[in-house]
1. Of all residues in the stretch 209-260, which are of a type in the set (Gly, Ala, Ser) and under 29 Å from His188 (Cβ atoms)?
2. Within the stretch 112-121, does at least one residue satisfy the condition of being aromatic (Phe, Trp, Tyr) and under 17 Å from Asp293 (Cβ atoms)?
3. Got a number for residues in the stretch 204-226 being farther than 23 Å from Leu286 by Cβ and in contact with an Asp or Glu (Cβ under 8 Å, 6 or more places away or on another chain)?
4. Any residue in the stretch 90-109 that is basic (Lys, Arg) sitting within a Cβ distance under 8 Å of a residue that is part of a helix (DSSP H, G or I)? List the pairs, counting only those 6 or more apart or interchain.
5. When only residues in the stretch 121-171 that are touching a strand residue (DSSP E or B) at 6+ places or on another chain (Cβ under 9 Å) and among the acidic types (Asp, Glu) count, which is least open to solvent (accessible area, probe 1.4 Å)?
6. Take the conditions more than 29 Å from Cys39 (Cα to Cα), out of contact with any His (no Cβ under 6 Å at 6 or more places or on another chain) and open to solvent by 50 Å² or more (accessible area, probe 1.4 Å) and apply them to Leu397. Does it pass?
7. Filter the stretch 5-44 for residues that are among the basic types (Lys, Arg) and assigned to a helix (DSSP H, G or I) and give the result.
8. Restricting attention to the stretch 361-382, does a residue exist that is open to solvent by 10 Å² or more (accessible area, probe 1.4 Å), part of a helix (DSSP H, G or I) and of a type in the set (Ser, Thr, Tyr)?
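The values are calculated or read from the model by the stated rules, or taken from the named source; none is laboratory data. None of the values given here were measured: they were computed from a predicted structure. Cβ atoms come from the backbone with ideal geometry, glycine included; neighbour counts cover every protein chain shown. SASA here: full protein model, heavy atoms, side chains in, ligands and nucleic acids out. Shrake-Rupley method; radii C 1.70, N 1.55, O 1.52, S 1.80 Å.
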Amino acid sequence: MPGVLPEGESVPTDGSLPPTARRAVGARGFGVYVHVPFCASRCGYCDFNTYTAGELGGGASRETYADTVLAELRLAARVLGDTPPPRVDTVFVGGGTPTLLPADDLARILDGIDRAWGLAADAEVTTEANPESVTPESLKTLRAAGYTRISLGMQSAAPGVLAVLDRKHSAGRATAAAAEARDAGFDHVNLDLIYGTPGERAEDFAASLDQVVAAGVDHVSAYALIVEEGTRLAARMRRGELAYPSDDVAADRYLAAEAALDAAGFSWYEVSNWARTPDARCRHNLLYWTGGDWWGLGPGAHSHVGGVRWWNVKHPSAYAARLAAGASPGHAREILTADEAHMEDVMLRLRLASGLPLAVLDAAGRAGAERALAAGLLTGAEYAAGRAVLTLRGRLLADAVVRDLLP
């Protein structure tokens, strides 16, 4: 996960978990996240835990990365021991640019997960990809290895917007890659969009939406641009080279996305995600949002098992060195309190179209829900049925609604 790692207690050298966590593993599903930290170049807006070749230093390389991940996987299998999850429901390979690794290496990692814990017969297996990092041949190899879903970083169809974001692919490459993925037999194909980039016009975003719909994908993610401190984009804004994003523009873009995607047969199921059918929803992300368990492999990867959350050391060299010494790469961990778990449950589930059961709220939270209903931020029918579900206007103000439910 991106950002500065929070403080927490140390992780045992062998990576062991409290018995209570091991007994609870998989109760709400079990997934595996694999972080691939390599990028060909750094996008100006990105603050993820990623590295170009010149930033890696010694002790880490793409060539040996799959073997290092498999070493952590063996440690993970030992930690869970005789209380493994029933089956791996979802796998998500993210980054970075996972498809900078050879497709055969991504296949080996997936095979290792299957050997360690077993993939469910209907497991969803996703990889992220930059459009320029895949070919018809590599996509066919990934599909044959068992990958069922691909998420392509399109961001925009406007060349000027791509230039501001420091994206390297051409404006039409993302939709071409989506077509290649469908031809390779992927069950589900997602395109990511970013809106609100300085200089983006309403017609630029409309053209991006048109291209996404025409591409025939069954899933779309659309996110407002967030300016993270320490990025090249933030520095350009501080110098006055670019304007800061506008909340009003972001709201207009979101409404445009909802209108265009709804008209094309997509339905929102999370504030920033739309799918053509229920089967097209990203099950791995739903596992995060509904309190499931997952083991995160790779430098900086976060994990959550049975109420224990931990995160690995961030730099690939440190990660590889820990595993080479036979030690856990875990940097720190925390055991969630009941209040912390409740707060996260409300924050995440309210963003879903399925909403949040009102019964999980305390008296102050119920009062906040009543205020949100009166303000038109929650839907009346679902509220009467005992659930807090955001209206379209509520989606625009989701963070404010969450704050009102967690007084």
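1. If we filter the stretch 209-260 for residues that are of a type in the set (Gly, Ala, Ser), which is where we start, we get 214-216, 221-222, 224, 230, 234-235, 240, 243, 246, 250-251, 256-257, 259-260.
Matches in the stretch 209-260: Ala214, Ala215, Gly216, Ser221, Ala222, Ala224, Ala250, Ala251, Ala256, Ala257, Ala259, Ala260.
2. First pass over the stretch 112-121, keeping only residues aromatic (Phe, Trp, Tyr): 117.
Subsequent filtering for residues that are under 17 Å from Asp293 (Cβ atoms) retains 117.
Yes, that holds for at least one residue.
3. 0
4. Between residues of the stretch 90-109 that are basic (Lys, Arg) and residues that are part of a helix (DSSP H, G or I), the close pairs are Arg108/Ala66; Arg108/Leu70.
5. Glu124
6. On the way: more than 29 Å from Cys39 (Cα to Cα): yes; out of contact with any His (no Cβ under 6 Å at 6 or more places or on another chain): yes; open to solvent by 50 Å² or more (accessible area, probe 1.4 Å): yes.
So Leu397 passes the test.
7. Arg22, Arg23
8. To start, the set of residues in the stretch 361-382 that are open to solvent by 10 Å² or more (accessible area, probe 1.4 Å) comprises 361-364, 366-367, 370-371, 373-377, 379-382.
Then drop every residue that is not part of a helix (DSSP H, G or I), which leaves 363-364, 366-367, 370-371, 373-374, 380-382.
Next, from what is left, pick out any that are of a type in the set (Ser, Thr, Tyr): none.
No, the stretch 361-382 contains no residue that is open to solvent by 10 Å² or more (accessible area, probe 1.4 Å), part of a helix (DSSP H, G or I) and of a type in the set (Ser, Thr, Tyr).
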